[in-house]
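Trainee: Below is the structure I would like to discuss, written out as structure tokens.
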Amino acid sequence: MEPAINPLLFAVLLFGGMLILLEIGRRFGIRRRSKESEGERGNLGTVEGAMFALFGLVVAFTFSGAASRFNEKRILIAEEANTIETAYLRLHLLSQESQSELQEIFRQYVDSRLETYRKLPNMRAAETEMARSKTLQEAAPEFSSRRGKVTAACVK
């Protein structure tokens, strides 16, 4: 999935927008300061403190969400590796002639999954490799069923 706008262009536009709004706020503050009394200026610290506290909460929730997504991804990868290992070990339940061909399909599948993760910054290449993984994943049960060797232990 490609972003709607180039990330570099987005960063430049965001930075420029922040500078423009900062300048507008500064000018508004200079104009308003001349009209304020000393008591009104003292109350501004409370508002600033509340705004910085809210900003701190937003930043904390952002990092917390990112950390939990990272942890979840790590757990999913570990579960996938364990599932592949279990399925590979269960191939020994099949006849000897079926084992070697299915083991080769599994090796190709694992190589394809590793390539998917290596290519992840490039979404198009990763999607192509993911499609190859899907094809290999579907090839194993079809191969087994053609031979009449499917067991419940090998089918996920």
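Trainee: I'd like the residue in segment 88-116 that is aromatic (Phe, Trp, Tyr) and in contact (Cβ under 8 Å) with a residue 24 or more places away in the chain and, out of all such residues, is farthest from Glu2 (Cα to Cα).
Mentor: The residue in question is Phe106.
Trainee: Taking the options Glu104, Glu129, name whichever one is acidic (Asp, Glu) and in contact with a helix residue (DSSP H, G or I) (Cβ under 8 Å, 6 or more places away or on another chain). So that I can check it myself, show each step before the final result.
Mentor: Numbers: Glu104 fails: in contact with a helix residue (DSSP H, G or I) (Cβ under 8 Å, 6 or more places away or on another chain).
The conditions single out Glu129.
Trainee: Here is a list: Ala53, Ala153, Ala140. Which entry is at pLDDT below 90, of a type outside the set (Ser, Thr, Tyr), more than 30 Å from Pro3 (Cα to Cα) and out of contact with any Cys (no Cβ under 8 Å at 6 or more places or on another chain)?
Mentor: Answer to the selection: Ala153.
Trainee: Taking the stated definitions as given, is Leu57 free of Cβ contacts under 8 Å to residues at least 60 places away in the same chain, closer than 19 Å to Ser133 by Cβ and either in the same structural domain as Leu136 (by TED's automatic domain parsing) or of a type in the set (A, V, I, L, M, F, W, C) (or both)?
Mentor: Here the answer is no, as Leu57 does not meet what is asked.
Trainee: Continuing with this model, one more query. Going by the conditions given, is Ala78 closer than 30 Å to Ala125 by Cβ, of a type in the set (Gly, Ala, Ser) and out of contact with any Phe, Trp or Tyr (no Cβ under 6 Å at 6 or more places or on another chain)?
Mentor: The answer is yes for Ala78.
Trainee: Here's another thing I want to ask about it. Within segment 87-102, which residues are surrounded by 12 or more Cβ atoms within 10 Å (Cβ to Cβ) and within 20 Å of Arg113 (Cα to Cα)?
Mentor: Ala87, Tyr88, Arg90, Leu91, Glu101, Leu102
Trainee: Go through Phe63, Phe15, Phe70 for me and flag whichever is within 29 Å of the chain's Cα centre (by Cα), under 28 Å from Ala125 (Cβ atoms) and either exposed (fewer than 10 other Cβ atoms within 10 Å of the Cβ) or of a type outside the set (A, V, I, L, M) (or both). It would help to see each step written out before you state the result.
Mentor: Working: Phe63 fails: under 28 Å from Ala125 (Cβ atoms); Phe15 fails: under 28 Å from Ala125 (Cβ atoms).
Exactly one residue qualifies, and that residue is Phe70.
The values are calculated or read from the model by the stated rules, or taken from the named source; none is laboratory data. Keep in mind it's a predicted model, so treat the numbers as computed, not measured. Cβ coordinates were reconstructed from backbone atoms using ideal geometry, including for glycine residues, and neighbour counts include every protein chain displayed.
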